[in-house]
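Data block below; observations after.
Derivation of every value follows stated rules applied to the coordinates shown; laboratory data play no part. Here the structure is a predicted model, which means the values were calculated and not measured. Please note: Cβ atoms are built from the backbone with ideal geometry, for glycine as well, and neighbour counts cover all protein chains shown.
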Amino acid sequence: MTLADALKGQKVTIVSMDLTELGVNRLTALGLTPGVRVRVVDNSLKDTSIIECRGSRLALGRGLARFIVVK
Amino acid sequence: MKNAIKIALAGNPNSGKSTIFNKLTGAKQTVGNFPGVTVERYEGRAQFEGRSISVVDLPGVYSLASYSDEERVAAEFLKNETPDVVVNVVDASNLERNLYLTLVLKEQNRPLVVVLNMIDVARRRGIDVDAAALSKELGVPVLQTVGNRGVGVQEILAEVVRVAESPNAPVETSVAPACPSDAAKSCEHCGGECELAQTAADVARYKEIGRVCARCVKTDADAPASGSDKIDAILTHRFLGIPIFLAAMYLVFQLTFTLGSYPMDWIDAGFGALADWVDGAMSEGVAKSLIIDGVIGGVGGVLVFLPNILILFLAISILEDSGYMARAALLCDRWMRRVGLHGKSVVPALVGFGCTVPGIMAAKMLSDRKERLATMFVLPLFSCGARFPIYALLIPAFFPLEWQGLILWGIYLIGILLAAVVAKVMDVVFKNDEPAPFVIELPSYHCPTLGVVGVHTLERGWQYVKKAGTIIFAISVLLWALTTFPNLDAETVAKFDAERAQIEENADQIRAEAAARLAESTESAESAQPEENAESTESAQLAENTEADGAEVAADETEEEADPVADALAAVDAAEGQAALERSYAGRVGRALEPMLRPMGFDWKIGTALIGAIAAKEVFVAQMGVVYSVGEADETSEPLAETLRANYSPLVGFCIMLFCLIATPCMATFAVMAREAGSWKWAFAQWFGLTAIAWVLTTLVYQIGKTF
């Protein structure tokens, strides 16, 4: 499952991020790393996922969320 | 012992860094730009026990990995300007994420002081950070503050002085943590440069953070969650979000231009009065013309935008500081992304409909350089308020009432579509291999602090006056010279003087004749008399006009009975103005450009007026009045509309509007573009690029339209 498929309110763990170096580094600086717990705040917007991770709230484009594998 | 200490404030966006900076330095700040980029550099001074401490507020960053201008600037500053102490402001309520930057900063090997900010917010959320333990774990001094109430801010200065004086004094640490970048160096392939190595370093950093947090942070699970969830459920709702955003922007917009119109009117009136006073106090001549039209007009032209800029920036600062702007960006991102812009680009674009100048300044909020430049580049295509007088003159002059709304709407729409096309083209041309990934932090909502918002607003206003103002002023004097020199030769002036003298001599006779004529025409036109007090300029302009009607409108301004002698004198003045403009450099350039203008259906008269429009778009209308010697003209001037109708086809009228919409951004836009883009190159590229597009498009429209 990817982050884009997760449901509102679900708590998931990041398994891997199949992104370019730029994408991975951006996300890492914001606290998204493999193994981290993420709460999905809202996934109902068409192009954006809103999540909470390490105490901060982030909005991710679908283009990123589709390539973040979670469990 | 060094007397002056230089410190740098570093921290994540939304960590309260700017508030701390304000509390440290008070109002004694200067704003500049970091070299080559539009990242603002705030610098200030603080005093502590007689020591002078200079403070640089670095841009808010999440890391120093140079993925954005902000990160590059911060990294370069730390490397090249070697501050004595780096003060890392950390959001205590969001420690885990914030400590990533702390570890990165530690690896820079500069003396570091960590400031745990917003401990009140953290406590409310049930997060308790043990500062002493944190200091031990990190191996650097850790202080606690509540920035917006100024708690603990003086202690920062004391600690900074202490650290600066003994930079090598060891801090008591329990464990000396391994430097995470050592993990990267252990990479067999490259020794720390490759992707794999970077990931290894990041994993090591977060492992270290996890270890530190486990020892220093106690979280009370029963504490009330932040209210952000409930607010976000409404503000970023899939259906409600956009309408709420549009309403918010409408409010900002209304505030900027309605509230701003009062001080603008005062400034206008003030400069008008000043010009009148000079007019009376000085004798005729070049010096007087320079002071009234060049200097007073130029300075007025700069200051008249100031109220708009101040109000707009206040509103935007409030939206940003409260946390709402990030939500707005994510809502609009979907549409803006299609043309290669960012969600936040929507704010400058909307502002641009009022005035391009504050719109370009508002583009500052975009952190990606490419997106910011593209946004600024297309901003003049959002038809600004100053272009409205041109439409208001030309549309009723050439088009029947039932078409007017549609044409106006069409002009605005053409601008928007063209902006999308140009942005998309820039996106394709300048984009490197991959688009910047869309990820933004949604900071917790909080009440904006007046200090930060106010100081930033005033500083930006002052910067506008100082930097852009000098350029606008210089160009306006230059344009004055272009339309004034060379003067009419003595012979021509003498001819006009003689005409005036003759009119004054025969004043009584002229009055008598006019009275006789008027009596005659009133009799004949009695039955078809149009309403005397036609308030609506539109209906007046559209009405079938008799000659007497035109005279009425002309006399409307003074609200006195038309004096035929004054009219005759005004006609001579207007003819003299026309002759002077024709002879001036602007007139000559207009003529010289005629071969370029012909394909668009323009003649040299339109060309000369367009040169005036370079100063400010609305000048076009006044200049047209001068070239057609109808005297003082504004967009409600019926004689001018009449003259235009007699001389040009509706197609040419439309082409003028199209050209004015796209071409030659006004000088204020030019100056601000040069400043905000960080180079003149961009200002010139924009000016000539848009003018070229305008030429091609207008020529196409004219040539195709002509065949029908």
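Over the protein assembly as shown, the pair-distance histogram of Cα-Cα distances with 20 Å bins from zero comes to 14, 40, 27, 15, 4, 0 percent, rounded to whole numbers. The peptide list B:339-350, B:45-56, put in order of mean Cβ contacts within 10 Å with the highest first, becomes B:339-350, B:45-56.
Using the Karplus relation 6.51 cos²θ - 1.76 cosθ + 1.60 with θ = phi - 60°, the per-residue 3J(HN,Hα) values for the range B:615-623 come to 5, 7, 3, 5, 5, 3, 4, 4, 5 Hz, with x marking Gly and Pro.
This ranking places B:TRP266, B:TRP604 by how few other beta-carbon atoms lie within 10 Å of each, fewest first, which gives B:TRP266, B:TRP604. Given B:LYS364/B:LYS617; B:LYS370/B:LYS424; B:LYS344/B:LYS370; A:LYS8/A:LYS71; B:LYS344/B:LYS364; B:LYS288/B:LYS495, which pairs have Cα atoms separated by over 19 Å? B:LYS364/B:LYS617; B:LYS288/B:LYS495, as the Cα separations exceed 19 Å there. When the Cα gyration tensor is reduced to axis lengths a ≥ b ≥ c, the ratio a/c is 1.5 or higher for the range B:568-708, and with a/b not above b/c it is classed as oblate. Quick check on the range B:18-133: take the gyration tensor over C-alpha atoms, sort the square-rooted eigenvalues as a ≥ b ≥ c, and tell me if it's rounded (a/c under 1.5), prolate or oblate. Since a/c reaches 1.5 but b/c is at least a/b, the shape of the range B:18-133 is classed as oblate.
Residues whose amide H comes within less than 5 Å of that of B:ARG41, counting only those at least five positions distant or on another chain, are B:GLY32, B:ASN33, B:PHE34 (H built at 1.01 Å from N in the peptide plane). Across the options B:VAL572, B:LEU442, B:TYR464, the greatest Cα extent toward the positive end of the charge dipole of the protein assembly as shown (unit charges at beta carbon of Lys, Arg, Asp, Glu) belongs to B:LEU442.
In the range B:572-667, what GluC sites (Glu not before Pro) fall in a loop by DSSP, with at most 15 other Cβ atoms inside 10 Å? It would help to have the intermediate numbers written out before the result.
Details: sites: B:GLU576, B:GLU582, B:GLU618, B:GLU632, B:GLU635, B:GLU642; in loops: B:GLU618, B:GLU632, B:GLU635.
Answer in residue order: B:GLU632.
Remark: relative contact order (the range A:3-70) = 42 percent; criterion is Cα-Cα distance under 8 angstrom and separation of 6 or more residues. Close amide-amide hydrogen proximity is noted between A:VAL15 and A:GLY35, A:VAL69, A:VAL70, A:LYS71, each under 5 Å apart and 5 or more residues distant or on a separate chain (H modeled in the peptide plane; Pro and chain starts excluded). The equivalent ellipsoid of the range B:81-137 has semi-axes of 23, 11, 10 Å, largest first, where each one is the square root of 5 times an eigenvalue of the Cα gyration tensor.
One equal scatterer on each Cα of the range A:3-70, no solvent, Debye formula: the resulting log10 I(q)/I(0) at q = 0.23 Å⁻¹ is -0.96. Could you tell me which residue out of B:ALA514, B:LEU482, B:PHE305 lies farthest along the dipole of the protein assembly as shown toward its positive end? Charges go on the beta carbon: Lys and Arg +1, Asp and Glu -1, centred on the Cα centre. Among B:ALA514, B:LEU482, B:PHE305, the one farthest towards the positive end of the dipole of the protein assembly as shown is B:PHE305.
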